[in-house]
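Trainee: Take this structure first; my questions come after.
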Amino acid sequence: FLKGKYKCPVVQFDGLLAGGLKDVVAELDRMPVESKPHAPSIWDFALQEQKLKEVADIANETLTHKTQGSEAKLNKILATTQKLDRVLLNPYFGLLIFAIIMGTLFTSIFWFAAPFMDAIDGSFGKLNEIVSGWGENSLLVDFLANGIVSSFGAVFVFVPQIFILFFGIGILEGSGYLARAATLIDKPFSKLGMSGRSFVPILSGFACAIPAMIATRNISSARDRWITNFVIPLMTCSARLPVYALLLAFLFRNEPAWKAGLALAALYLGSLVVGAVAAFIVNKLIPEKDRAFFMMELPIYRRPKMRVLLQQAFSRTLSYVKRAGPMIFIFAVIIWVGTTFPDHKNENAQQKLENSYAGQIGHMIEPAFEPMGVDWRVGVGLISAFAAREVFVSSMGVVFNITSEDEDTVQKSMLNEMSTATNRHGEKVFTVASVAGLLVFFMIALQCMTTVAVAQREMRSTKFAVMQLVLFNGVAYVLAIVVVQSLKSMGYG
């Protein structure tokens with residue numbers, strides 16, 4: 001009827017879920033290319049109001065027939081949603097279920113990713129062997145094999161874990177549970193000077209602090225936004241995941257995956273605890289002028305579309321690879337040059353490393369890192385991580401000269417080197433104490449200079465950004481030393 005009355009195609013369209021979008025595109029494709037818009041006419045409000053009334057009457061008549069068939073179904077969906085909310089929004093059971101869901105997600109990061117990681121790891125190991133065979137005693141071949149291939153292999157082996165993390169967060173968001181989690185967290189957040197509206201930016205911080213800080217623009221309260229931006233860098237972003245995965249793989253080598261998964265969940269929970277403590281302290285220091293009002297729409301529970309979830313997870317993972325790739329390449333070149341020259345002709349790998357530029361600089365800064373239980377090689381990796389945290393892993397691959405000649409994979413070679421590495425006193429560098437200290441350091445330290453720049457831009461305050469940089473790194477350094485020395489005194493050194 002509408003098509004005949006108004007002489008144009010009419011398509012039903014759902015503005016929320018985009019239902020009918022394909023029909024709209026199809027109708028547009030059918031329009032002749034030479035079609036031109038009519039000349040503008042004087043707007044007749046009375047005529048347009050009459051047309052809208054006619055359209056509304058026809059729509060109501062159509063919906064009456066459709067509603068009779070779908071009302072029962074809708075009521076059933078709403079009843080199911082209400083039943084689930086009685087449990088998932090319970091102030092006690094809801095928080096427990098939330099903890100179980102997050103623990104399951106982090107355990108799956110190790111469990112499901114294992115075969116894909118092995119495949120990627122083995123591929124880079126074989127590639128290293130192939131490139132190494134192009135020529136002996138060749139600086140170019142050594143650079144390609146032990147500089148580029150090893151560096152990228154050390155980081156990209158963790159891409160499946162990052163994909164699973166993004167995929168899991170997508171499930172929480174697509175199912176409608178994410179809004180419930182924000183509602184659950186509103187009350188404890190209010191004690192820390194924030195509201196449930198801060199939950200989504202903070203959860204986004206588990207992927208990357210940069211979009212998380214930008215997402216705080218939706219927080220109306222300036223005070224809440226200040227506190228939220230302050231604690232976001234403490235959340236465990238995806239750049240920390242390769243570092244955690246490497247260190248936990250060392251601690252739980254040849255152990256069941258669930259142990260490393262629980263340890264990873266504990267690290268994520270630990271970042272929340274540290275963030276909560278930081279927010280609590282800041283909340284007490286900043287005077288409260290007005291309280292923010294929290295209100296959020298709770299969508300019905302729905303089954304996420306697998307195609308959409310996979311596309312989103314792939315897109316976010318690809319974005320991570322594109323962002324990390326250039327930085328890894330730059331630092332692979334810098335660290336390879338630093339660890340190879342000036343004594344590049346020395347056939348003794350240990351002596352060549354000791355006499356290299358990186359070795360000389362590392363020995364100068366080693367006293368600052370010895371209280372953390374590590375030597376100059378790890379110190380070089382920690383400094384390089386200030387450009388991007390994931391660079392730490394590739395730096396370790398270059399510094400420890402991972403070639404995969406005697407092992408099947410790059411990661412196995414690295415773990416083997418870590419287990420046998422000793423400092424100038426003949427003591428093992430990587431122990432339970434030193435690795436725990438490194439985990440604490442990476443959990444708190446602000447090592448992403450891009451995040452510092454975004455913090456300055458979003459808060460329009462250089463003082464805020466510099467304060468974060470100095471405070472977080474200072475606290476991370478002190479706490480790492482405390483953890484290492486305490487564990488050493490308990491016999492874990």
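The values are calculated or read from the model by the stated rules, or taken from the named source; none is laboratory data. Small disclaimer: the values here were computed from a predicted structure and weren't measured. All Cβ positions, even for glycine, are placed from backbone atoms using ideal geometry, and neighbour counts span all protein chains on display. When the accessible area is computed, the model is the full protein with side chains, heavy atoms only, and any ligands, DNA or RNA have been set aside. Shrake-Rupley method; radii C 1.70, N 1.55, O 1.52, S 1.80 Å.
Trainee: Return the residues of region 318-345 that are open to solvent by 50 Å² or more (accessible area, probe 1.4 Å), out of contact with any Asp or Glu (no Cβ under 9 Å at 6 or more places or on another chain) and within 27 Å of Ser238 (Cβ to Cβ); say none if nothing qualifies.
Mentor: Leu318, Ser319, Lys322, Arg323, Pro326, Phe329, Ile330, Ile334
Trainee: I've got another one for you. Every residue in region 346-358 that is part of a helix (DSSP H, G or I) and surrounded by 13 or more Cβ atoms within 10 Å (Cβ to Cβ), please.
Mentor: Lys352, Leu353, Glu354, Asn355, Tyr357, Ala358
Trainee: What's the total number of residues in region 174-184 that are touching a residue at least 60 places away in the same chain (Cβ under 8 Å), in a helix (DSSP H, G or I) and either polar (S, T, N, Q) or open to solvent by 10 Å² or more (accessible area, probe 1.4 Å) (or both)?
Mentor: Result for region 174-184: 5.
Trainee: Can I ask one more? Out of the residues in region 480-493 meeting the condition of being touching a helix residue (DSSP H, G or I) at 6+ places or on another chain (Cβ under 8 Å), more than 28 Å from Arg323 (Cβ to Cβ) and hydrophobic (A, V, I, L, M, F, W, C), tell me which one is surrounded by the most Cβ atoms within 10 Å (Cβ to Cβ).
Mentor: Applying the filter and picking the extreme gives Val484.
Trainee: Looking at region 149-156, is at least one residue in contact with a Phe, Trp or Tyr (Cβ under 8 Å, 6 or more places away or on another chain), at pLDDT 80 or above and part of a loop (DSSP other than H, G, I, E, B)?
Mentor: No; the residues of region 149-156 include none that is in contact with a Phe, Trp or Tyr (Cβ under 8 Å, 6 or more places away or on another chain), at pLDDT 80 or above and part of a loop (DSSP other than H, G, I, E, B).
Trainee: Determine whether Ala249 is among the small types (Gly, Ala, Ser) and either under 22 Å from Leu105 (Cβ atoms) or open to solvent by 60 Å² or more (accessible area, probe 1.4 Å) (or both).
Mentor: yes
Trainee: Of the residues Leu203, Leu241, which is crowded, with 17+ Cβ neighbours inside 10 Å, free of Cβ contacts under 8 Å to residues at least 40 places away in the same chain and out of contact with any His (no Cβ under 6 Å at 6 or more places or on another chain)?
Mentor: Selected residue: Leu203, the only one of Leu203, Leu241 that is crowded, with 17+ Cβ neighbours inside 10 Å, free of Cβ contacts under 8 Å to residues at least 40 places away in the same chain and out of contact with any His (no Cβ under 6 Å at 6 or more places or on another chain).
Residues are listed down the side, and each one gets a yes or a no for (1) within 18 Å of the chain's Cα centre (by Cα); (2) of a type in the set (Asp, Glu); (3) closer than 30 Å to Gly193 by Cβ:
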{"residue": "Ala245", "(1), (2), (3)": "yes, no, no"}
{"residue": "Leu264", "(1), (2), (3)": "yes, no, yes"}
{"residue": "Leu267", "(1), (2), (3)": "yes, no, yes"}
{"residue": "Ala279", "(1), (2), (3)": "no, no, yes"}
{"residue": "Val282", "(1), (2), (3)": "no, no, yes"}
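Trainee: Taking Trp111 as the residue in question, decide whether it is at pLDDT 85 or above, at negative phi and open to solvent by 100 Å² or more (accessible area, probe 1.4 Å).
Mentor: So Trp111 does not fit the description; no.
Trainee: Could I ask something else about it? Ile77 - would you say it is modelled with pLDDT of 70 or more and either out of contact with any helix residue (DSSP H, G or I) (no Cβ under 9 Å at 6 or more places or on another chain) or open to solvent by 50 Å² or more (accessible area, probe 1.4 Å) (or both)?
Mentor: yes
Trainee: Look through Val200, Val243 and report the one residue that is β-branched (Val, Ile, Thr) and within 30 Å of Lys428 (Cβ to Cβ).
Mentor: Exactly one of Val200, Val243 is β-branched (Val, Ile, Thr) and within 30 Å of Lys428 (Cβ to Cβ), namely Val243.
Trainee: Can you pull out every residue in region 114-144 that is open to solvent by 20 Å² or more (accessible area, probe 1.4 Å), acidic (Asp, Glu) and either part of a loop (DSSP other than H, G, I, E, B) or within 13 Å of Gln411 (Cα to Cα) (or both)?
Mentor: Answer for region 114-144, where residues must be open to solvent by 20 Å² or more (accessible area, probe 1.4 Å), acidic (Asp, Glu) and either part of a loop (DSSP other than H, G, I, E, B) or within 13 Å of Gln411 (Cα to Cα) (or both): Asp118, Glu136.
Trainee: Scan region 103-122 for residues that are in contact (Cβ under 8 Å) with a residue 12 or more places away in the chain, under 30 Å from Leu144 (Cα atoms) and not acidic (Asp, Glu) and jot them down.
Mentor: Result: Phe110, Ala113, Ala114, Phe116, Met117, Ile120, Gly122.
Trainee: If you scan region 158-190, which residues turn out to be at pLDDT below 80 and within 17 Å of Leu95 (Cβ to Cβ)?
Mentor: Passing the criteria: Leu178, Ala179, Ala181, Ala182, Thr183, Leu184, Ile185, Asp186, Lys187, Pro188, Phe189, Ser190.
Trainee: Do we find a residue being more than 25 Å from Ile444 (Cα to Cα), among the β-branched types (Val, Ile, Thr), in a helix (DSSP H, G or I) and modelled with pLDDT of 85 or more anywhere in region 296-313?
Mentor: There is at least one residue in region 296-313 that is more than 25 Å from Ile444 (Cα to Cα), among the β-branched types (Val, Ile, Thr), in a helix (DSSP H, G or I) and modelled with pLDDT of 85 or more.
Trainee: Taking region 221-238 only, how many residues are of a type in the set (Gly, Ala, Ser) and open to solvent by less than 10 Å² (accessible area, probe 1.4 Å)?
Mentor: So the count comes out to 1.
Trainee: Just for helices (runs of 4 or more DSSP H) wholly inside region 359-475: which have at least 3 residues that are within 29 Å of Phe206 (Cα to Cα) and open to solvent by 30 Å² or more (accessible area, probe 1.4 Å)?
Mentor: In region 359-475, 449-459 are the helices (runs of 4 or more DSSP H) which contain 3 or more residues that are within 29 Å of Phe206 (Cα to Cα) and open to solvent by 30 Å² or more (accessible area, probe 1.4 Å).
Trainee: Which condition does Thr422 not pass, out of (1) touching a Lys or Arg at 6+ places or on another chain (Cβ under 9 Å); (2) of a type outside the set (Asp, Glu); (3) in contact (Cβ under 8 Å) with a residue 12 or more places away in the chain; (4) more than 30 Å from Asn218 (Cβ to Cβ), if it passes all the others?
Mentor: (3)
Trainee: Being touching a residue at least 24 places away in the same chain (Cβ under 8 Å) and aromatic (Phe, Trp, Tyr) is the filter here; which residues of region 74-102 pass it?
Mentor: Phe98
Trainee: Of Leu95, Leu84, which residue is open to solvent by 60 Å² or more (accessible area, probe 1.4 Å), modelled with pLDDT of 80 or more, farther than 26 Å from Ser238 by Cβ and not basic (Lys, Arg)?
Mentor: Result of the check over Leu95, Leu84: Leu84.
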